[in-house]
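Working notes, structure below.
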Number of protein chains: 2
Amino acid sequence: MKNYFATILLGLTICSAGAQAQQRQSPNIILFLVDDMGWMDNSVPFSGAKLTLNQRYRTPNMERLAAQGVLFSNAYATPVCTPSRVSLMTGMNAAHHGVTNWTSPVKNKNTDAPDSLFSPAPWNVNGLSPRQGDSATVYAATYPQLLKAAGYYTIHVGKGHWGPMGMPGANPLNLGFEVNISGHAAGHPQSYLSEEHYGNLPGKNSVQSVPDLEEYYDSGDFLTEALTKEAIKAMATPIARRQPFYLNLAHYAVHDPITADPRFYQQYKDAGLNAAEAKYASMIEGMDKSLGDIMDYLERQHVAGNTIIIFMSDNGGLSLNPPRGGAAHSQNLPLKAGKGSVYEGGIREPMLVKWPAVTKPGAVCSQPLIIEDFFPTILEMAGVKKYNTPQEVDGKSFVPLLRNPAQDQPERALVWHYPDKWIPKGGPGINYHSAIRKGRWKLVYNMRTGAKELYDLATDIGEVNNLAAKQPAKVDELAKLLSDQLRRWKAPMPVITATGEPVRMPDELVQVYKMK
Amino acid sequence: MKNYFATILLGLTICSAGAQAQQRQSPNIILFLVDDMGWMDNSVPFSGAKLTLNQRYRTPNMERLAAQGVLFSNAYATPVCTPSRVSLMTGMNAAHHGVTNWTSPVKNKNTDAPDSLFSPAPWNVNGLSPRQGDSATVYAATYPQLLKAAGYYTIHVGKGHWGPMGMPGANPLNLGFEVNISGHAAGHPQSYLSEEHYGNLPGKNSVQSVPDLEEYYDSGDFLTEALTKEAIKAMATPIARRQPFYLNLAHYAVHDPITADPRFYQQYKDAGLNAAEAKYASMIEGMDKSLGDIMDYLERQHVAGNTIIIFMSDNGGLSLNPPRGGAAHSQNLPLKAGKGSVYEGGIREPMLVKWPAVTKPGAVCSQPLIIEDFFPTILEMAGVKKYNTPQEVDGKSFVPLLRNPAQDQPERALVWHYPDKWIPKGGPGINYHSAIRKGRWKLVYNMRTGAKELYDLATDIGEVNNLAAKQPAKVDELAKLLSDQLRRWKAPMPVITATGEPVRMPDELVQVYKMK
């Protein structure tokens, strides 16, 4: 842990040299986390070129951030939200923490869709817990707890979704945040509209009603805007005290219910988008406006030079129609499929990092990284070097990549594991899939059929050419790597209802399940 | 403002001498504010002896606090909640800040009951605002803002009720608090029960649903207990950082809906109380348990010696039946009437203050003081000496009384002004009354009838002997004092509907209104 201190006096500063040292050593850190935003849902050329979808969306502030920092073109999360958010908080892979599916706001409730063949995997349906002994939870320390203990002022604004009602994970204050605005058990807002009181109209509430925003009722402020104002209000306190802060600005946008942000909707409609896609694009631009407002605020407060901004999404863009418009699973092209899938459309994320005086403006990094890497990275950014956690941290700091984005790192295997049934209908790479990527090669394992697919991402980002039959040795190598890792982590596996046995690992002899 | 700083490092302390100085100079301050609790609703002999009601209620932790600090036997608030809470925050008398009645959770809504003779006074129905220009608000700086600027960690837990939804006063974060748990526009909880999710069951919400407590749903924790746990959680952060804190622990208890606290209900039922009164007593004891838990926590954390605890209520005990049991207006005996009234039962409060190394254990102070006095007092306790506020502060610091409770102070006039109609039915001293106390004398002015009553509180705490006819000179003197003060403050007055004229001041020729 760094030795440092902050003056909290406004006015005369005592020990100001020390305070400056502290300021120099402990940057503010903002994680700007968007919900359900796909890799292509913006005007930044994450693929290296402005493709069709990049021309549809307008995100000038993401462009501005990209111009000031590093663009990560191979950044990953998991296929759905809670697993990513728990990986973020704990530094553990989803197969390791076992919160493999989204958590219900209701305790002990398994959100897996019913299946004719499989019974649900024994995953941690009650999410993340900061204390030992809670049933069906992963017990772990979070990096906000460690940041807080190191003197950071820790703020959460927006979506929490770390655990259900009745469990400690429902409350961000239990996870290392000292300020919480609007974070709770729910994974999406009942409403984005102030006229609907964000879901709190009398007699019309649900578990998704957004708390803490009464001030904005009937103000006309879209939820994204209200949360931005609250985030700015919360940052003012540590800035005034010259205390380093961590802000987890976790927007509810752009999760369903897809709703027109009236500030931006019409221009997309006029551009010829159908209503659903124009609404979606308006939510994207409202989110981008929030990013710009935050950046402007930091500049006005003269702290932009000491504030790291990390931009990330928690899973791929939704590709179901409805609620999206257009052909199903086309919304993240050139990536295949979307949210819920282990194909690139479901897991590859738009990620940007600006670290003043560290990152080079306009840099690009194509090294793969994954959401659990944020845990050690953010702690390293904060100068928190030694810490103990009850969990073994799987993530690896990407600070070296921030310093040198072109650095050639040894090839590392990244793992995705989704032993759950997200939607009854299924879809490409959706429900009961695992995957592993090492270097250019990606193996996709279908737990239902036992099928293994192999893709060369260096030449086939769209995962259209399955090379499994041509390269059986590579398949076996990756299947072994993936299986060993899943076994080591004691990853939950679906249970074959007829036999009571767990589904086999991809390197084991695979039975062919009868499809009903 | 004090010059001081706090180290925020856990571990090696830099500038530790300075930090200790800061700790010595800046005590933690807890305001333990109960809602609707009457002067007699406890086992502490505020009257000087254990009377009947003191024998009914069990509040061992209030007794414990009284034994450690100063008991104030003549402490006052206003007849209803929002006026007291705004006086507390602003240091202004209710007649001055103009928020003379309780604010609706709904913006621009006048909560005065309809009247056949009067139209509502032009009071500030939108409550307190930290910014200029909001309609029907009082614009003022709050002492938590000043404490925060001076380096205090400011926490609000529980009932807010400073302004309606859609206005900044709905959000404690706008009033100087950096942490807010469960404070919002509402003045009471929809439910005290975790089984009812404190009013958040799907489809059953109201503007009184208590936010931020999902963690406790179905836990069995009564609302008072859940808030206590949250307060303790929030204090842990500044204690770990050795940062001075201000905690506004504003319980929803013991406001209606009167609900059995299952931990304590049965014993009161067994003691022969009717169901309503047994429930009420159980809420009182649950509140007292909270006080004890807070005191225990401070001791365990070794900060009790540097933490001031102020115990207070916001208005007199409710004396309506229903919801209370027993004869109406008997619940605060020997005091007359209850909540809503300018008689002693509506405004005299159980107040205790422990300031380690300042107050003498078991001391009693009979000097009158009033809720707006808390503003300068708390700032003086914190060592915040120079500050500017947009409002003129009416309150007077009672720090000298804490140092010397027996100090004979020059007689000072205290004013109550309630130009509103609280309940359709009315009651003793309820609706359209003002009052003034100077020394032993109290004048009560009925705006509806023009009648003036005079009581000698030194011999008649129950206000049963109206001495107005016997002492006309004293009546005139106090009427003049009261009127001058109300005129100076531009106090809102009810409007005589028939003429459009405001009701006259008590020293003006008083017309006799026809009663319809």
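Shortest first, A:ALA498 label-point distances to identical copies amount to 9.2 nm, with the label point at 7 Å from Cα along Cα→Cβ.
In summary, the lysines within cross-link reach of A:LYS396, defined as a Cα separation below 17 angstrom excluding same-chain residues under 8 places away, comprise A:LYS385, A:LYS386, A:LYS438.
Normalised by the number of residues in segment A:248-291, what is the relative contact order in percent for Cα pairs under 8 Å and 6+ residues apart? Show your work: numbers first, answer last.
On the way: 42 pairs, mean separation 20.6, N = 44.
Computed over segment A:248-291, the figure is 47 percent.
Using Cα pairs under 8 angstrom and six or more residues apart, how large is the relative contact order of segment A:337-434, in percent? Result for segment A:337-434 is 35 percent.
Relative to the longest principal axis of the Cα atoms of chain B, helix B:275-300 runs at roughly 40 degrees.
As a ratio to 2.2 N^0.38 Å, the alpha-carbon radius of gyration computed for segment A:160-201 takes the value 1.26.
Electrostatic bookkeeping for B:ALA94 treats Lys and Arg as +1 and Asp and Glu as -1; over the other residues with beta carbon under 15 Å from its beta carbon, the sum is -3.
Angle check, please: helix A:81-90 long axis (alpha carbons) against the longest principal axis of chain A (alpha carbons), in degrees 0 to 90, nearest 10. Helix A:81-90 and the main axis of chain A meet at about 60 degrees.
Treating each Cα of segment A:127-169 as an identical point scatterer and summing with the Debye formula, the log10 of I(q)/I(0) at q = 0.14, 0.17, 0.18 Å⁻¹ comes to -0.37, -0.53, -0.59.
Distances between copies at B:GLU299, taken between label points 7 Å from Cα along the C-beta direction, are 5.7 nm in increasing order.
Taking a Cβ cut-off of under 12 Å around B:SER206, the surrounding Lys, Arg, Asp and Glu residues balance to a net charge of +1, with basic ones at +1 and acidic ones at -1.
Based on DSSP, what percent of beta bridges with both residues in the protein assembly as shown are antiparallel, to the nearest 5? All intermediate terms of the calculation are to be shown ahead of the outcome.
Numbers: 62 of 118 bridges.
Antiparallel: roughly 55 percent of the beta bridges in the protein assembly as shown.
A Cβ-based charge dipole, computed about the Cα centre of chain A with Lys and Arg at +1 and Asp and Glu at -1, lands at about 960 debye.
Taking a ≥ b ≥ c as the square roots of the eigenvalues of the alpha-carbon gyration tensor, the protein assembly as shown is classed prolate because a/c is 1.5 or more and a/b outweighs b/c.
Anisotropy class assigned to segment A:143-246 is oblate, per the alpha carbon gyration tensor with a/c at or over the 1.5 cut-off and a/b no larger than b/c. Estimated from helices alone, the mean residue ellipticity of chain B at 222 nm is -7500 deg cm²/dmol (sum of -39500 (n - 2.57) over DSSP H runs with n ≥ 4, per residue). Each peptide in A:483-493, A:230-240, B:223-233 receives the mean, over its residues, of other Cβ atoms within 10 Å, and ordering these scores from highest gives B:223-233, A:230-240, A:483-493. Orientation-averaged projection of segment A:307-443 equals 10.3 nm² [convex hull of Cα atoms, one quarter of hull surface area].
Which of rounded, prolate, oblate describes chain A, given a ≥ b ≥ c as roots of the alpha-carbon gyration tensor eigenvalues and a/c under 1.5 marking rounded, otherwise prolate only if a/b is larger than b/c?
Values: a/c = 1.44, a/b = 1.33, b/c = 1.08.
Rounded shape, in that the Cα axes give a/c under 1.5.
Relative contact order of chain A: 22 percent, from C-alpha pairs under 8 Å at least 6 residues apart in sequence. Each other copy places its own label point for A:GLN267 at 6.7 nm from this one, sorted shortest first, where the point lies 7 Å along the Cα-to-beta carbon line.
For the residues of A:202-214, the average number of beta carbons from a partner chain within 10 Å of their own beta carbon is 6.
Bridging of A:LYS50 to lysines at a Cα separation below 19 Å is possible for A:LYS336, once same-chain residues fewer than 8 apart are set aside. Would you compute the Debye intensity of segment B:381-498 from its alpha-carbon atoms alone, equal scatterers and no solvent, and pass along log10 I(q)/I(0) at q = 0.13, 0.16, 0.19, 0.23 Å⁻¹ to two decimals? At q = 0.13, 0.16, 0.19, 0.23 Å⁻¹ the computed log10 ratios are -0.66, -0.92, -1.13, -1.35.
Quickly rank A:188-195, A:111-118 as a protection proxy: mean count of other C-beta atoms within 10 Å, highest first. Provide the component values of the computation, followed by the final result.
On the way: A:188-195: 21.1, A:111-118: 16.9.
Descending mean neighbour count gives A:188-195, A:111-118.
A Cα-only calculation for segment A:432-502 places Rg and Dmax at 13.1, 41 Å.
Coordinate-derived values only; no laboratory data. Owing to the predicted nature of the structure, the values given are computational and were not obtained by experimental measurement. Quick reminder, even Gly has a Cβ in these numbers, built from the backbone with ideal geometry, and neighbours come from all protein chains shown.
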